[in-house]
């Protein structure tokens, strides 16, 4: 039963992580006002090159980044739904066993949950 409680805590933690990721999304950050005529000594040459890109290229890059973020968010949602499903199945397996019998299905299901939870965590980090 401790395993089920731990898995439920992981699922709840991951759900909170999704909310945190949405709350801290970089598109909500406030932009700094910079005079474009004054070169910044701290900017790298690649940053200066980005500053001189055409508005169309900048817009296309933003749209591509937005699409990647939306796809990542959909993957996270799909994976967390799967985590919930797996945790529910694991609880059912554990409820069917007694204190003397531990099914290989329970161990396999716990391993699957652990791998999926790790994957979700990495996706939330944006890697």
- prompt: What number goes with the only condition from (1) at pLDDT 65 or above; (2) exposed (fewer than 12 other Cβ atoms within 10 Å of the Cβ) that residue 49 does not pass?
  reply: (1)
query: Somewhere in segment 77-95, is a residue touching a helix residue (DSSP H, G or I) at 6+ places or on another chain (Cβ under 8 Å), exposed (fewer than 13 other Cβ atoms within 10 Å of the Cβ), part of a helix (DSSP H, G or I) and at pLDDT 60 or above?
result: yes
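The values are calculated or read from the model by the stated rules, or taken from the named source; none is laboratory data. Predicted, not measured: the structure shown is a model, and the values here were computed from it. FYI the Cβ positions are ideal-geometry reconstructions off the backbone, even for glycines, and counts take in every protein chain you see.
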